[in-house]
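For reference, the structure discussed in these notes is given below.
Read the figures in this text as sums done on the coordinates, not as results from a lab. Worth saying up front: this structure is predicted, and the values here are computed from it rather than measured. Here Cβ is always computed from backbone atoms with ideal geometry, including for glycine, and neighbour counts include all displayed protein chains.
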Amino acid sequence: MDKIVIKGGKRLEGSIPIAGAKNAALPLMCAGILTDEVLTLENLPLLADIDTMQNLLVQHGVELTMRHAGGNGRRTRTFALSTPDLASSLAPYDLVRKMRASVLVLGPLVARFGVARVSLPGGCAIGARPIDLHLKGLEALGAEIELDKGYVQASAPNGLRGGDVVFPFVSVGATENLLMAAVLARGETRLINAAREPEVVDLANCLNAMGAHIEGAGTDVITIKGVEGLHGAVHPVIADRIETGTYAMAAAATRGSVELQGAELDALPSVIDHLMRAGVEVEATDGGVKVSADRIVGVDVMTEPFPGFPTDLQAQMMALLATAEGASMVTETIFENRFMHVPELTRLGANINLHGRSAMVRGTQDLTGAAVMATDLRASVSLVVAALAAQGQTEVNRVYHLDRGYERLEEKLAACGADIERISG
Ligand code: EPZ
């Protein structure tokens with residue numbers, strides 16, 4: 001297994017190109033199931049999760065051609081997807097268990113072909129993560145749902161019909177699955193208490209470019225008027241706001257100054273607010289966002305659905321706050337077990353005490369390198385953020401977690417002066 005070795009204490013200075021958003025690209029690829037014409041997706045990141053989704057879609061019968069694109073130092077991929085017919089309605093356990101986002105084929109398969117057999121995702125490192133909201137929503141649109149040997153058997157032989165879907169709490173994936181189900185349903189659907197994340201808006205924009213009639217994306221009530229069928233489109237994937245926030249926190253942790261090329265400020269309102277209150281300077285530039293810091297103070301953070309502070313940046317922010325002057329209370333309200341990074345950060349000298357869903361972080365300027373273990377995608381990168389600030393050498397093991405969500409991480413950081421090396425093992 002590969003590991004990453006970092007000699008910390010170097011200020012990050014320079015610029016980092018921000019890739020297309022993983023969490024927008026994954027549902028957008030599933031939207032390719034909805035049409036027999038060609039959906040072209042541009043600015044796709046080069047990530048393991050995108051490859052996993054590609055493998056899943058191809059076995060369903062999605063025809064997918066890829067070409068590399070890029071320019072000004074960025075490598076991106078363009079996919080052309082179309083689904084002339086269904087080869088298999090089965091999303092098998094061995095693929096779904098690798099990546100929870102695989103369940104996003106459920107809505108499109110039922111909407112277009114009236115049938116889907118999708119493995120339940122099972123738990124993962126950050127929690128149980130059921131899909132009950134996805135299933136109840138599909139039933140509200142007329143699908144018949146059965147659970148059978150760990151699989152969801154969904155059917156709508158006469159197609160789906162519009163209706164109201166009220167989510168008891170916000171779910172990004174359930175909102176996306178139901179969006180893709182409703183676009184071909186007969187009549188009007190309202191998604192109430194819908195997720196407002198930029199990735200949901202990006203999906204709605206793409207579906208509308210394909211001929212759907214969606215209004216209200218980005219608010220908590222989304223209205224969809226079903227249509228007979230969708231045509232092809234060309235859609236660029238939005239920039240990855242989580243990658244943007246991650247590198248902003250890495251720059252601040254080293255008290256450096258980095259321009260995040262292609263970053264979109266309005267995708268991170270709460271993060272920018274917290275960073276500025278912690279002492280980080282954030283300014284819009286022609287090409288993106290410039291982040292610099294020379295003194296960091298503690299701030300309290302509570303994760304919430306968009307536009308609140310994103311749970312996917314909680315671990316990275318905790319690593320930054322571990323280097324601050326003063327204390328910070330970090331509260332995780334979205335997932336029940338998203339503090340796997342705490343014991344590992346503690347090995348680097350961080351002073352963190354857990355109290356249920358909250359962590360009290362007392363900042364120190366004396367983080368020191370050690371061997372640490374990555375556990376899940378965002379926890380892994382928080383160890384990298386802390387290691388960049390720590391004195392001495394840190395070894396981050398099991399970096400395959402990183403490859404799921406961060407493209408060429410060591411290359412991008414090394415280009416800004418980090419002493420970082422990937423060692424194949
Ligand atoms: C998406 O996951 C993201 N993944 C996650 O990013 C992100 O952390 C999460 O949204 C919250 O913002 C992708 O977009 C591919 P949810 P999703 O449904 O859709 C519970 C990363 O690091 N829930 O909004 O699975 C669930 O267990 C990943 O890139 C139910 O109980 O998240 C969780 O506690 C990690 N029943 C909470 O709701 C359901 O039917 C929010 O989950 C659905 C969800």
statement: Scanning segment 128-176 for residues that are within 16 Å of the ligand (Cβ to nearest atom) and closer than 10 Å to VAL110 by Cα gives LEU138, ALA143, ALA154
task: Could you please let me know if ALA250 is assigned to a loop (DSSP other than H, G, I, E, B), touching a residue at least 24 places away in the same chain (Cβ under 8 Å) and buried (at least 24 other Cβ atoms within 10 Å of the Cβ)?
output: no
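Looking at MET318, MET276, which is the one that is more than 30 Å from THR78 (Cβ to Cβ), free of Cβ contacts under 8 Å to residues at least 12 places away in the same chain and in a helix (DSSP H, G or I)? If you could, list the steps in order and put the result at the bottom.
Details: MET318 fails: free of Cβ contacts under 8 Å to residues at least 12 places away in the same chain.
Only one candidate passes the filter, namely MET276.
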query: When only residues in segment 273-288 that are under 24 Å from ALA195 (Cβ atoms) and buried (at least 19 other Cβ atoms within 10 Å of the Cβ) count, which is farthest from the ligand (Cβ to nearest atom)?
result: LEU275
task: Look at segment 170-197 and say how many of its residues are assigned to a strand (DSSP E or B), charged (D, E, K, R) and touching a Gly at 6+ places or on another chain (Cβ under 6 Å).
output: 2
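Considering only residues that are away from the ligand (no atom under 16 Å from the Cβ), within 26 Å of the chain's Cα centre (by Cα) and within 27 Å of PRO305 (Cβ to Cβ), which ones fall in segment 351-372? Please lay out each step first, then the result.
Step one: list which residues in segment 351-372 are away from the ligand (no atom under 16 Å from the Cβ), which gives 351-355, 358-372.
Subset that is within 26 Å of the chain's Cα centre (by Cα): 352, 354, 358-361, 372.
Correct list: ILE352, LEU354, SER358, ALA359, MET360, VAL361.
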field: Residue tally, condition surrounded by 20 or more Cβ atoms within 10 Å (Cβ to Cβ) and more than 26 Å from GLU243 (Cα to Cα), over segment 148-177
entry: 5
